[in-house]
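Structure first, commentary second.
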Amino acid sequence: MPSISKIFMQKYFNDYLEQQKQALDSIPVEAIERITLLLKAAHKDGKNIFVFGNGGSAANASHFATDLGKGASDKVGPFRVLSLNDNTAWMTALGNDYSYDDVFTRQLMNYASEGDVLLTMSVSGNSPNLLKAVAWANDKGLHTIALVGGRRGKLASLARHVVVVDSQHYGRVEDCHMTIAHMLCYAFMEQPSETAS
């Protein structure tokens with residue numbers, strides 16, 4: 001097995017953590033508060049909350065739906081939350097028969113109503129399937145939220161509520177997005193007296 005320099009790797013890891021801290025420090029807390037209020041209103045009114053993304057952001061969306069649907073719901077009552085990434089058969093049917101750009105929009109067509117909440121995550125902010133879904137949701141009167149990276153992309157000007165993590169590094173931005181997802185869920189789990197509808 002080839003050897004690597006211990007000093008080199010320690011410097012790399014320390015630098016990585018330092019840049020991760022900087023990315024975390026860029027999270028705008030006031031924007032997270034506004035999203036918490038949107039989720040609280042959706043919970044009170046029995047509205048749907050749709051979450052989705054591509055790649056690592058898809059995994060984050062699934063994780064977020066789990067924490068909101070199980071952990072937060074245990075504390076304040078059921079959230080109607082759905083990750084649009086989690087029905088593989090449906091997604092591949094839509095991608096095959098229509099286009100990969102339609103895999104989220106066509107699911108929303110079956111479920112979404114005015115006043116529902118849509119939250120998507122993207123490091124680049126430019127994924128065509130996300131843009132199409134957010135544009136459709138805006139037209140239908142949904143509350144649209146985008147968590148993006150430092151590139152911002154087209155999502156930053158399309159979604160009604162935007163949280164920008166000031167980094168262009170995919171791993172660091174995805175970690176920050178998951179931190180934001182945990183902040184949102186744990187607000188309900190650990191501060192139910194403030195967040196319960």
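On the basis of the beta-carbon distance and an R0 of 25 Å, VAL29 and ALA59 show a calculated FRET efficiency of 0.55.
Reported to the nearest whole Å, the Cα centre-to-centre distance from the range 162-197 to the range 127-158 is 18.
By the gyration tensor of its Cα atoms, with a ≥ b ≥ c the square roots of the eigenvalues, what is the shape of the range 28-195: rounded for a/c under 1.5, prolate for a/b over b/c, or oblate? It is oblate, given that a/c is not under 1.5 and a/b is not larger than b/c. The alpha-carbon of LYS6 sits under 27 angstrom from the alpha-carbons of these lysines, leaving out residues fewer than 8 places away in its chain: LYS21. Please find the FRET efficiency linking GLN191 to TYR170, where r is the Cβ-Cβ separation and R0 is fixed at 25 Å, and quote it to the nearest 0.05. Calculated transfer efficiency: 0.20. Taking 25 Å as the limit for the C-alpha separation, the pairs LYS75/LYS132; LYS70/LYS154; LYS47/LYS140; LYS44/LYS132; LYS44/LYS70 exceed it in the case of LYS75/LYS132; LYS70/LYS154; LYS44/LYS132. Principal-axis analysis of the Cα atoms of the chain puts helix 128-139 at an angle of about 40° to the longest axis.
Each part gets one Cα centre, and for the range 53-125 versus the range 21-52 those centres are 15 Å apart.
Relative contact order of the chain: 25 percent, from C-alpha pairs under 8 Å at least 6 residues apart in sequence.
Just so you know, all these numbers are worked out from the coordinates, no wet-lab data involved. The structure displayed is predicted, hence computed values, not measured ones. Glycine also receives a Cβ, built like all others from the backbone with ideal geometry; neighbour counts cover every protein chain displayed.
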